[in-house]
1. Return the distance in nm (one decimal) between the two label points of a simple spin-label model at Ala79 and Leu178, each offset 7 Å from Cα along Cα→Cβ.
2. Between Glu390 and Ile62, what length in nm is gained on full extension when 0.36 nm per residue of separation is reduced by their alpha carbon distance?
3. Taking 35 Å as R0, compute the FRET efficiency from the Cβ-Cβ separation of Phe322 and Leu105 and round it to 0.05.
4. Please turn the phi angles of the range 292-300 into ³J(HN,Hα) values with the Karplus equation 6.51 cos²θ - 1.76 cosθ + 1.60 (θ = phi - 60°), one per residue in order, whole Hz, x for glycine and proline.
5. Quick query: amide H of His349 versus all other amide H atoms, modeled in the peptide plane; which residues come in under 5 Å with a sequence gap of 5 or more or a different chain?
Amino acid sequence: MATRSTEAVHSEAGRGEAGRGEAGSEWCKPGLLMSALGNRHVPGTGSPMRWFFSAIWLVYLIQPVTALFQAHRGVVWIACGLVITVAFCLIYVPALLYSDTRPRLSLYGLGSIAVLAALACTVYGRHWTPLWIYVSAAAGMVLVSVAGRRAALAGIGVIGACYLFFCWLTHLDTTNTLVVLLPVLLIGLAMMGFRLQSTLLRELAQARETVAKLAANEERLRLARDMHDLTGQSLSMITLKSELAAKRLARLPSSAERDAVLTELGDIGRVSRQTLHDIREAVSGYRRPTLAIEVITARNALGAVGIELDDDAELTLRSGTFDPDAEAVLAWCLREAVTNVIRHSRARHCRIRLADHRGELSLEVTDDGRGLAGQDPRHPKGSGLRGMSERLSAAGGRLSLGWAEPDRGLRLTATIPA
């Protein structure tokens, strides 16, 4: 019997080594993928060279600036022209570069350079009409970010019309008008294409990152299952066999050697039980939810039912940077809140934000659905909301419910000490 038990343990251990070897060969792949994505630079997403390539084309403003000094109109005339030129350059470059991160501010910049171009053409004449090339380039970048492709096309058309108007106003000849009209239109369209390409590249990078995170999470879950399956049964068998051997030894006549063996068997049983407990704790840790994974899951789930999600980048950036237990509680709350939005809200839009204020982290989920219809904010109905409130209370946090807007939508806020 002892021989068969030993063979069984060795056989189980051999299968465990084989399984761990197979798991080890694949486990590194998500890590390598995440590392490769972390080192990958996405074109158009931010580089110091963008300032250089955006500003270098302003060198062509030397022609209207030269015309200022050739006009012989006086110092004030020249100084005002130089002020317009410098202001135009200082607004034009940031308007291009921040069109993706601060589109509203870039839109104000676009309006400002359009006003400066109109002012320069009106006061200083036909030499300043090429400024509309730069206005068109900025419009192609900014309007796509703010209002979309159709609005950008319409904006470039309007800028082309403004250029023709000021050519007529300044009595520019037809040949020069048409020569500059092509760059005014084509450069605006080219910048539209560049902006759309940058957007697609950024979305592709985000999709790759999402796939990598899902693959890494799936691999962690698989590793947790394998760890439990491969070692749990063997450790349970060791515990059972040690207890059985101790019982059989207890029936033998008392002696010092028997008592020593019983002590050793008791130690074996305690160590195996503790190891099994530690493995289960490790498996539980691997299965602990994170905000980054839950945001990805929420995006996919809401998109599948046609609900538009507006999520905060802080959810992914802050994931893993604070207490894991606190993050797990917020992640469970996020999962339950998204489930409520899908099942009960009848919403079209959902918004998720994470805020850090005075040592507390607040997860806010709002929608534009039915809101608090039939609900008391102080005593929420439903096992999901009650479970969420209990989790937060156990971690020293709190749950609050309210209207997202007057008589419309639900705002759910889960707050926990950071």
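1. 4.3
2. My answer for the length gained is 111.2 nm.
3. According to the calculation, E is roughly 0.70.
4. So the Karplus estimates, Gly and Pro as x, are 4, 5, 5, 5, 4, 4, 5, 4, 5 Hz.
5. Long-range HN contacts for His349: Glu308, Asp368.
Values in this text are rule-based calculations from the coordinates and carry no lab data. Predicted model only: the values in this text are computed from it and were never measured. Cβ coordinates were reconstructed from backbone atoms using ideal geometry, including for glycine residues, and neighbour counts include every protein chain displayed.
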